[in-house]
């Protein structure tokens, strides 16, 4: 399994192209002006895209979701609480202003995925999706948005392999950053939910898991437990601001 990171010019949002060793691919959070780069990386890898996954409904993470999903003819998945923001872009929280889009040479028209699906989560907000040998274990962690979801990505063993890959990665969207967390002062944000979600996140995954956030540098969960002041504050005092 490999992950290619594509950075959007709009507030440095990170799109992640997850490539399986069996030639499959999944695109996570294709934001503003990432569609062309995604297509180029897919061609370079000789991969077969099977899905688009979205960590939440803010437009800096979903802007090119429809373009990418429709170009490759694959479904796009997002947690049900944020589904309407993608299905009806005019209702989206934190929309990208038209003048800012045009300043980047982008027409402010969002293409809706032709095959848009809610994540098939259980009552606890847990979901599992498999694409080829790639496995995405989702966990609903609201606060930044009602549908914010993190994905633990791993790869199942292939024929002749002794075990699954140990290089699991945690795609955290805007729930957790390197030395930061997602804002809760935007529409749909909820500080109390964010505190509970950060506690769940910190207690659900091992220290050595690599964190690939929606903005900023790659990190490890153990590093964030020790050094991320926002996360430490949430764990000790029940606050995030």
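The values are calculated or read from the model by the stated rules, or taken from the named source; none is laboratory data. Just so we're clear, the structure is a prediction, and the values are computed from it rather than from any experiment. A quick note on method: Cβ atoms are made from the backbone with ideal geometry, for glycine too, and the neighbour counts reach across all protein chains shown.
Look at residue 115 and say whether it is under 23 Å from residue 75 (Cα atoms), crowded, with 22+ Cβ neighbours inside 10 Å and in contact (Cβ under 8 Å) with a residue 24 or more places away in the chain. Criteria not met by residue 115.
For the range 112-157, the tally of residues that are at pLDDT below 95 and under 15 Å from residue 27 (Cβ atoms) stands at 0. Total residues in the range 177-194 satisfying the condition of being in contact with a strand residue (DSSP E or B) (Cβ under 6 Å, 6 or more places away or on another chain) and either crowded, with 24+ Cβ neighbours inside 10 Å or in a loop (DSSP other than H, G, I, E, B) (or both): the figure is 1. Residues in the range 96-108 include none that are surrounded by 14 or more Cβ atoms within 10 Å (Cβ to Cβ), in contact with a helix residue (DSSP H, G or I) (Cβ under 6 Å, 6 or more places away or on another chain) and at pLDDT 90 or above. Of the residues making up the range 195-225, those that are surrounded by fewer than 18 Cβ atoms within 10 Å (Cβ to Cβ) and assigned to a strand (DSSP E or B) are 210, 220.
Entry remark, the range 58-73: residues being part of a loop (DSSP other than H, G, I, E, B) and under 14 Å from the mean Cα position of the chain (by Cα) number 3 in total. If you go through the range 74-99 and keep only what is in contact (Cβ under 8 Å) with a residue 12 or more places away in the chain, closer than 13 Å to residue 116 by Cα and not in a helix (DSSP H, G or I), you end up with 74, 75, 76, 77, 78, 79.
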